[in-house]
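Here the structure comes first, spelled out in structure tokens, and everything after it is commentary.
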Amino acid sequence: MKKILRALAKAVSFLLAAIVLLVAAVGVWHAVALRPFYASAIAEFPMPGADDRAFDQQALDYDEESGLFFFSGYMRDGTADPVYLVDAKSGNPVKRIALLNEDGTPCTTHAGGIAVTDRFIYLAGSSADCMYVFDKQEILAAEDGETVRCIGTFSTKTGPEDGARVSWIARDNEAVYVGEFTMPWIKGYALRANHTLQTKAGETKALMLGFKIDPEAPLGLSETPFVAIALPDYVQGACFDGESLYLSTSFAFKLSEVVKNSLVPEERTFAVMGNEVPLYSLRREAVFRLPPFGEEIVLYNGRIYASSEAVNMLFKGFGKLWGSEHCWSIVPPVA
């Protein structure tokens, strides 16, 4: 029995030593690879929800009207997804609002994307192929710790093979865009077969669909898309700056990237949700690398602000090595 216990103790010691060495190796590798990031990036303010062990940070957007950042994510304990509001100028937290479905039950989507317009807040519905829509003024008026109900769902499909998964959301002044995340080598992330396209950028397997903002529409958007953009793999979020489209890409411990792209017209249309829309691919122009587990991005005051999943969850120990408990901003990469 003693021999067995000694063997187990040695095995545990070996395992712990291996973990320590792995963490040290990852830390050294990232310290070298991320030197340009730490030399120019700014730790703007503490990431909201970092002290909540059940919260998994995912997305952010900036609202010009209120001057607030809106952060979203999901709760691993099955409670309602929260949205955190942060004052953009001071970086101070304003409040936390729990989100409910229309029937009053907790909203427990992945919340991998959030977009704020003049009237509505859109939350990504992931594999449900929809966005959960909330009244912006209701959330702004709510007190810290209160709940707000969804006022409706905006569908991004017309059938099983026609539509788009809403992994993340982006917007500009004229439209809201839903984007898909794919890892082709993992079946759980496989998308619709007709989203695999041969484009000027090569083979792509994910799409970004744009829906025009419509003040007369019940949920603020036209029901059918006006454009489709073919995406590379591993996209977690996007933001626009003039004619440039910046993508946030990441997967596991691979360094995250913010990639500057220009839109390239394809000489054809794409049939989606009962509509033939112009199809674009992307030309990669510049890249800037960030710590792993990067999520959504947004442009504010000429800088790109990035959210990170490493602030919580199983990766928090690594996240501390990278400084992921802060929301960082970078200068948009240029060619």
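The values are calculated or read from the model by the stated rules, or taken from the named source; none is laboratory data. Bear in mind that the values here come from a model prediction, so they are computed numbers and not experimental data. Glycine gets a Cβ as well: all are built from the backbone with ideal geometry, and neighbour counts include every protein chain shown. Ligands, DNA and RNA are excluded from the accessible area calculation, which covers all protein heavy atoms including side chains. Shrake-Rupley method; radii C 1.70, N 1.55, O 1.52, S 1.80 Å.
Here are some notes:
- Boolean, Pro225 is open to solvent by 40 Å² or more (accessible area, probe 1.4 Å), at pLDDT 95 or above and over 21 Å from Glu44 (Cα atoms): no
- Any pair with Cβ under 6 angstrom, 6 or more apart, that starts in the range 270-298 at a residue that is farther than 20 Å from Thr204 by Cβ and outside any strand (DSSP E or B) and ends at one that is among the charged types (D, E, K, R) and at pLDDT below 95: Phe293/Glu309
- Within the range 141-174, tally of residues that are basic (Lys, Arg) and under 19 Å from the mean Cα position of the chain (by Cα): 2
- Members of the range 238-254 that are open to solvent by less than 20 Å² (accessible area, probe 1.4 Å) and more than 20 Å from Val176 (Cα to Cα): Ser250
- Hits in the range 32-66 - residues which are exposed (fewer than 13 other Cβ atoms within 10 Å of the Cβ) and touching a residue at least 12 places away in the same chain (Cβ under 8 Å): Ala33, Pro36, Ser40, Arg53, Glu65
- Residue count for the range 175-194 satisfying the condition of being more than 20 Å from the chain's Cα centre (by Cα) and either part of a strand (DSSP E or B) or touching a residue at least 12 places away in the same chain (Cβ under 8 Å) (or both): 3.
- Residues that are of a type in the set (Val, Ile, Thr), in contact with a Cys (Cβ under 9 Å, 6 or more places away or on another chain) and either assigned to a loop (DSSP other than H, G, I, E, B) or farther than 23 Å from Ser222 by Cβ (or both), drawn from the range 139-174: Thr156
- Residue in the range 71-82 that is of a type in the set (A, V, I, L, M), closer than 21 Å to Arg149 by Cβ and touching a residue at least 40 places away in the same chain (Cβ under 8 Å) present: yes
- Criterion (of a type in the set (S, T, N, Q), out of contact with any helix residue (DSSP H, G or I) (no Cβ under 9 Å at 6 or more places or on another chain), under 26 Å from Arg119 (Cβ atoms) and in contact (Cβ under 8 Å) with a residue 24 or more places away in the chain) met by exactly one of Thr249, Thr199, Thr224: Thr224
Yes/no matrix, rows are residues, columns are (1) under 22 Å from Ser72 (Cα atoms); (2) open to solvent by less than 50 Å² (accessible area, probe 1.4 Å):
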| residue | (1), (2) |
| --- | --- |
| Ala141 | yes, no |
| Phe154 | yes, yes |
| Val176 | yes, yes |
| Met183 | no, yes |
| Glu203 | no, no |
| Gly210 | yes, yes |
| Pro218 | no, no |
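- Ile304 passes every criterion in (1) farther than 27 Å from Phe55 by Cβ; (2) open to solvent by less than 60 Å² (accessible area, probe 1.4 Å) apart from (1).
- Hits in the range 89-110 - residues which are more than 17 Å from Ala164 (Cβ to Cβ) and crowded, with 20+ Cβ neighbours inside 10 Å: Ile97, Leu99, Cys107
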